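Read-outs throughout are calculated quantities, based only on the coordinates presented, and are distinct from any laboratory measurement. Keep in mind it's a predicted model, so treat the numbers as computed, not measured. Note that each Cβ is placed from the backbone with ideal geometry, even for glycine, and that neighbours are counted across all protein chains shown.
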Amino acid sequence: MRRSRARELSVGQLAERSGVAVSALHFYESKGLISSRRTSGNQRRYPRDTLRRVAFIKVSQRVGIPLKTIREALGRLPEERTPTRADWARLSAGWREELDTRIDQLTKLRDDLSDCIGCGCLSLSSCMLRNPYDVYAEQGPGPRRLLGTGKARS
């Protein structure tokens, strides 16, 4: 028992080693992404493999995966196990379609933005984001044209 506790990290050590702020680690813990035990002095102690879990979280966030999705993915792993290379390959393959959709949306936005001069709009006749008579309101909330889900009525 003593040997395993010597391998634990304090929240400050975990923050320093992972490059993640203490407040972010507390947030991750509150969202169920990482866990710690408490000492008799009520200080957090993390197993060393939490470093890999935090790295997994940061890389997933970096590619645009929401924390809820990351938590669900980590929840499918056996308790206390850190994601392996095979886990990452499986999870990232599942996220690929979502990322491809986002890339397509961002590419369309970038391409359409070059014609945009900002709204107030001085280019209504050629504006790709224009919505005359609010026809997209019937199709639901959000930027229907930017999401590629809006269809204008004739």
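Please state, as a whole number in µm²/s, the translational diffusion coefficient that the Stokes-Einstein equation yields for the range 2-101 at 25 °C and 0.890 mPa s, with Rh defined as the Kirkwood radius across alpha carbon pairs.
On the way: Rh = 14.3 Å.
For the chosen part, D equals 172 µm²/s.
If I model a spin label at residue 21 and residue 101 as a point 7 Å from the Cα along the Cα→Cβ vector, what separation in nanometres do I get?
Label at residue 21, label at residue 101, 3.1 nm between them.
Using 1/(1 + (r/R0)^6) with R0 = 41 angstrom and r between the beta carbons of residue 88 and residue 139, what's the FRET efficiency to the nearest 0.05? List each step's numbers first, then the result.
On the way: r = 37 Å, r/R0 = 0.90.
Calculated value: 0.65.
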